[in-house]
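Presented below is the structure to which this report refers.
The values are calculated or read from the model by the stated rules, or taken from the named source; none is laboratory data. Keep in mind that what you see is a predicted model, and the values were worked out from it rather than measured. Glycine gets a Cβ as well: all are built from the backbone with ideal geometry, and neighbour counts include every protein chain shown. Ligands, DNA and RNA are stripped out before the accessible areas are found, and what is left, the full protein with its side chains, is counted by its heavy atoms. Shrake-Rupley method; radii C 1.70, N 1.55, O 1.52, S 1.80 Å.
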Amino acid sequence: MSPSAPASDASSTSPGGSAFADLAAFVALPRLGGLALSADGSRLAVSVQTLDPEGKKWQSALWEVDPAGNRPARRLTRSAPGESSPVWSPDGSLLFTSARPEPGAKEQTEPKAGLWSLPGDGGEARLVLTRPGGISGVAVATGTGEVVVAAATMPGGSDARADEQRRTRRTDAGVSAILHETYPVRYWDHDLGPASPHLFWAGRLPVDEPATGADPVELRDLTPDAVPPSGADGSFTLSPDGRLLARVEEVPDGPAARRDRVVLMDTADGSTRPLVDDPSADVFAPAFSPDGSALVCVRQAMSTYAEPPDHTLLLVEVADGAVRELTEGFDRWPSAPQFSADGTAVYFLADDDGRHAVFRVPVDGGPPLRLTGDGAYSDLQVARDGSALYALRSAYDSPPVPVRLDPETPLQDPPALPAPGTLDRLPGTLHEVAATASDGTRVQSWLVLPEGASVETPAPLVLWVHGGPLMSWNSWSWRWCPWVLAARGYAVLLPNPALSQGFGQDFVRRGWGEWGGAPYTDLMAAVDAVEQRPDIDASRTAAMGGSFGGYMANWIATQTDRFRAIVTHASLWDLDSFTGTTDLAYYWQQEWGDPLREPKRYEQNSPHRYADAIRTPMLVIHGDRDFRVPVGEALRLWYDLQKRGVPSRFLYFPDENHWVLTPGNSQIWYATVLAFLAEHVLGEAWQRPELL
Ligand SMILES: CC(=O)N[C@@H](C)C(=O)N[C@@H](C)C(=O)N[C@@H](C)C(=O)O
């Protein structure tokens, strides 16, 4: 299998059906993310991922979308390393991060992302600031244009020269060791330390090209004492007047746990005070009101052995820190809050009944109002004049596209704005179905039916279990794309069983600490119901899932032989080993307890304890750089299957993390899954994917 031919331009599209039948075309489809609206509401930037010329990685370019929807989208940037994190400055220039080389600069052995500025009236972008460890985030004061950036910084490295020297001395000495004295020591796919993110004040960036030899922008370290493990890597935002910086600070929560609080810094003198510091909750996602007098943020009550977490919105007065709950009694989990243009309401996103909807709640009290219908919304942008909202909207039958929403009236399907990558067609249809669990609870699912599924030609069925587990199937996914299976004739069932988000706190409680209980029986109820359909072939079925979905795939393998094949990606196998070696052990042991002191839940729900029952052929998939679910889970599962003679294969990615993030490996992932399903569900001869 060769990497796909490069997409010459993001505007090129392939007919939806063929793009899903041809993996090279599928990985070449443009992928939109990261929306940013200019201060005056006249310009909308979006990040578009396409294949690089060699087809070996996805690279992000910035495009401009017409907020009025009249003009076609136009590409703003095009460098080989790509651009990301677009944010507009009040002067109309577009800031972004990129590891692109500065013209005339000496070649870097390890290019680091710098902060670039694209003038509002066009022309070339220019590099405005760098740090030895690269720029990882940027915030702009919407009123003054002052800038704060995040950058990985060596201990004692506030001064860039000192930072550089420390890095060089380690390299020259051949030292890569990290001495840890706190927990955690790694996150997602990277080690923590010895550098850690610091926040730097850049002030107003120079508008014009600095004179030759002029000093680069003077950066002042706002968090000089930030140290590993996490430094100042939480989200951060500036008040409109640039006078205050609100940031999420991670603090110890006992000997080997952390929690998030929101602190407020005076950017002039660096004085900092906790704003919301709750020992029983994580507090995050701060956003300032238009006048800077208040903040809204999310409070997530920490989970306990008895109770799952719960989310609510807090309104906080900057002056005195007075806190008021905005969404008391609202039985959904608010996220990504932002004030309305006039500051009288807060918009937020929340999972709701298999959707990810936009809500609005009045600041002076009252119930949240859901503004959108079907679909999943992200990257919400509020026009400062109150005239519109913009967002990326996706659903299971449409990849993310930019849309404009009327801020006051509920909108079913807002018009998509012209943007790259519109799909022509899908190789099937999307349906919403429901089943009833044994306790009478409704279990909602999405069902993808392939073209041609009928009573005469019923389709084989793949049960695809979502991860989390505290999330839901509600939006388009490139990683888990059911249309690739539908293009080959499979129906795909995407259930939201117990523990899923968007169905109320009691629905989460049904599975809390008992993953092998209601979550499993809900999945079986969903499959039982769909197998009654005359256009589904109940004799040819498979189950698959990634991460927590992989846990469920393993658990299913130990509980039933009803499926002909099981695919388990980045999965949890031995809950005791997982909860101790995952990157954030404390997050999981809040629910599971200590395996030595409270072994019951581990004994009752860990699949590895029931390995002798497995008969179903299994495809095990795992990335070695996965620190969320360490590869040891797959190695133990693989040995346990092999020594029991279970027909199985192990697709191992030496350089992928919890997700598979390169086009070539993504094609191999789908090709191997499809070959395994063809062999065991369709009864075809095993066809080893080329290049394996
Ligand atoms: C801190 C933490 O572990 N958060 C969970 C959301 C998490 O990462 N769960 C994984 C086990 C998982 O299921 N991940 C899913 C969302 C995935 O597809 O990566």
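Among residues other than Gly365 with Cβ under 14 Å from its Cβ, the summed charge is -1 (Lys and Arg +1, Asp and Glu -1). Note on Glu531/Asp594: beta-carbon distance plugged into 1/(1 + (r/R0)^6) with R0 of 41 Å gives a FRET efficiency of 0.50.
Here the dipole of the chain is about 1400 debye; that uses its Cα centre as origin and unit charges on the Cβ of Lys and Arg (positive) and Asp and Glu (negative). When only alpha carbons are used to place a centre, the stretch 534-587 and the stretch 15-49 end up 31 Å from one another. Karplus-based coupling profile of the stretch 682-689, in residue order and whole Hz: 9, x, 8, 5, 4, 10, 4, x, with θ = phi - 60° in 6.51 cos²θ - 1.76 cosθ + 1.60 and x standing for Gly or Pro.
Averaged per residue, the stretch 349-404 has 31 square angstrom of accessible surface, using a 1.4 angstrom probe with ligands and nucleic acids left out.
Other residues whose C-beta falls under 13 angstrom from the C-beta of Trp483 contribute a net charge of -1, scoring Lys and Arg +1 and Asp and Glu -1. Take each peptide in 591-600, 459-468, 525-534, count the other Cβ atoms within 10 Å of every residue, and average; sorted highest first, the result is 459-468, 525-534, 591-600. On a per residue basis, the stretch 140-296 carries 49 Å² of accessible surface, using protein heavy atoms and a 1.4 Å probe. The share of accessible area on the stretch 428-680 that comes from carbon and sulfur is 50 percent, using a 1.4 angstrom probe. Summing charges over neighbours of Gly120, with a neighbour being any other residue whose Cβ is under 14 Å away from its Cβ, gives -4 when K and R count +1 and D and E count -1.
So how many Lys-Lys pairs in the chain land under 29 Å Cα to Cα, not counting same-chain pairs under 8 apart? Number of lysine pairs found: 5. Based on protein heavy atoms only, the stretch 428-680 ends up with 32 Å² per residue of surface accessible to a 1.4 Å probe.
Among the GluC sites (Glu not before Pro) within the stretch 8-108, those in coil by DSSP and having at most 16 neighbouring Cβ atoms inside 10 Å are Glu54, Glu107. Taking the centroid of alpha carbons for each part, the stretch 350-386 and the stretch 625-655 are 41 Å apart.
Between the stretch 122-174 and the stretch 226-300, the C-alpha centres lie 21 angstrom from each other. In a simple Cβ point-charge model (Lys, Arg +1; Asp, Glu -1; nothing else charged), the stretch 428-680 has a dipole of about 220 debye relative to its Cα centre. For the chain, the Kirkwood estimate of the hydrodynamic radius, built from every pair of different alpha carbons, is 26.5 Å.
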